[in-house]
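The values are calculated or read from the model by the stated rules, or taken from the named source; none is laboratory data. Small disclaimer: the values here were computed from a predicted structure and weren't measured. Note: ideal-geometry Cβ built from the backbone for every residue, glycine included; neighbour counts use all protein chains shown. Accessible surface areas use protein heavy atoms only, side chains included; no ligands, DNA or RNA. Shrake-Rupley method; radii C 1.70, N 1.55, O 1.52, S 1.80 Å.
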Amino acid sequence: MSEAAEQSRDQQTPPTSREVVFGEIRRLGLEAHVLELEEQGFTVVENAVPQDQLERMREVIMAQSAEKSGKDAIDLDTWDGGQLREGCYLLYEDPVFEKLVQNEYTVALMQYLLGRSMVLSTVYSHVRSKGDPALPLHTDQWTLELSNPVSVAVANYALVDYKKDHGAFAVVPGSNHMMRRPAAKREIDVYQNPNCVPLEMKAGSVVVTAGNTWHGAYERKVPGLRLNAAVVYCRSWIRTQELIREGITQEMLDRNPPRFAELIGVNNFLGFGREGPNFANAKPLASRFD
Ligand SMILES: O=C(O)CCC(=O)C(=O)O
């Protein structure tokens, strides 16, 4: 083959997954975050979400939470009326969450952890108010066995400033290496576990956590609300937490880039009916894209 033909063949060859995944990590300057994910099991990216997006997400979550909790209105800074319901199925609540699930920092780190064929599992909000108990340490990998590489990972966006006594995210650095879930009471309780630390981060930051890392949340001890957006991704063969693929509309697909459809899992050939599987749509699962 001539040099030109070889060059042309090379130009036509799609990049491998390794090239795409690490290319994105380098383009976004996330190399140190990848190392941190390996070493600590989590990493924080600051300023991952702009202010206007934060505000819209807070509005939508509070509206859903108030409605489900049977309250007329709830105030972010002053709420002191007890426990409130979570926000969930948020992808279908407002297009602002379509943007969130495609956040380039998160997607780059998630692709590193889960491969490019990963799918979205849930877009959820833990709404913490005064008097809510601490959330015990746990892992998010709900499959029977923990694994490394992981099969599940979560991006927790801080939608307000996080402080320990305001209900901050809690994590045990390095727990990803233990390859087991916390068991004893002293291990599970965020206040009793001596290795558990609060992530005191600014609104707009995201903490990406591997599925085998122990994490939870501290109690909120003051009025007002601690809001997050917990966006979970998993490997394409795992059952998603929310009915993500089932809820998608053509309008949503039309207004987003093709990568969105892949994340939603619409190209996943699993879950077919009488019409049979559509292997043509399963291309993203081919080896160069795993
Ligand atoms: O409320 C929190 O910050 C904890 C969230 C959490 O545990 C999770 O997303 O799995």
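Given the options PRO182, PRO136, name the one that is within 10 Å of the ligand (Cβ to nearest atom) and open to solvent by 10 Å² or more (accessible area, probe 1.4 Å). First the steps, then the outcome.
On the way: PRO182 fails: within 10 Å of the ligand (Cβ to nearest atom).
Going through PRO182, PRO136 in turn, the sole match is PRO136.
Among what's in the range 143-159 and is open to solvent by 20 Å² or more (accessible area, probe 1.4 Å) and touching a residue at least 12 places away in the same chain (Cβ under 8 Å), pick the residue that is farthest from GLU38 (Cα to Cα).
Looking only at the range 143-159, we keep the residues that are open to solvent by 20 Å² or more (accessible area, probe 1.4 Å), and these are 143-149.
Still in the running and touching a residue at least 12 places away in the same chain (Cβ under 8 Å): 143, 146-149.
Details: THR143: 20, LEU146: 15, SER147: 13, ASN148: 10, PRO149: 10 Å.
Per the criteria, the residue is THR143.
Within the range 194-212, identify whether any single residue is of a type in the set (Lys, Arg) and within 12 Å of the ligand (Cβ to nearest atom), and answer yes or no. Lay out the reasoning, then the answer.
Residues of the range 194-212 of a type in the set (Lys, Arg): 202.
This time we only want the ones that are within 12 Å of the ligand (Cβ to nearest atom), so: none.
Within the range 194-212 (the criterion being of a type in the set (Lys, Arg) and within 12 Å of the ligand (Cβ to nearest atom)), the answer is no, since none of the residues qualifies.
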Near pairs, Cβ below 6 angstrom, 6+ apart or cross-chain, from the range 45-59 (in contact (Cβ under 8 Å) with a residue 60 or more places away in the chain) to any residue that is open to solvent by 10 Å² or more (accessible area, probe 1.4 Å) and assigned to a helix (DSSP H, G or I): VAL45/TYR105; ALA48/TYR105; MET57/VAL96
Condition met for ASN176 (more than 9 Å from the ligand (Cβ to nearest atom) and either outside any loop (DSSP other than H, G, I, E, B) or open to solvent by less than 20 Å² (accessible area, probe 1.4 Å) (or both)): yes
Verdict on GLU251 being more than 12 Å from the ligand (Cβ to nearest atom), charged (D, E, K, R), open to solvent by 10 Å² or more (accessible area, probe 1.4 Å) and modelled with pLDDT under 95: no
Residues that are within 14 Å of the ligand (Cβ to nearest atom), touching a helix residue (DSSP H, G or I) at 6+ places or on another chain (Cβ under 6 Å) and assigned to a loop (DSSP other than H, G, I, E, B), drawn from the range 111-133: VAL127
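What are the residues in the range 71-110 that are among the charged types (D, E, K, R) and either surrounded by 15 or more Cβ atoms within 10 Å (Cβ to Cβ) or in a loop (DSSP other than H, G, I, E, B) (or both), if any?
LYS71, ASP72, ASP75, ASP77, ASP80, ARG85, GLU86, GLU93, ASP94, GLU98, LYS99
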Scope the range 221-230; condition crowded, with 24+ Cβ neighbours inside 10 Å and either more than 22 Å from the chain's Cα centre (by Cα) or more than 10 Å from the ligand (Cβ to nearest atom) (or both); matching residues: LEU225
Residue under evaluation ALA217, criteria (1) farther than 30 Å from GLU38 by Cβ; (2) within 15 Å of the ligand (Cβ to nearest atom); (3) in contact with a Gly (Cβ under 8 Å, 6 or more places away or on another chain), criterion not met: (1)
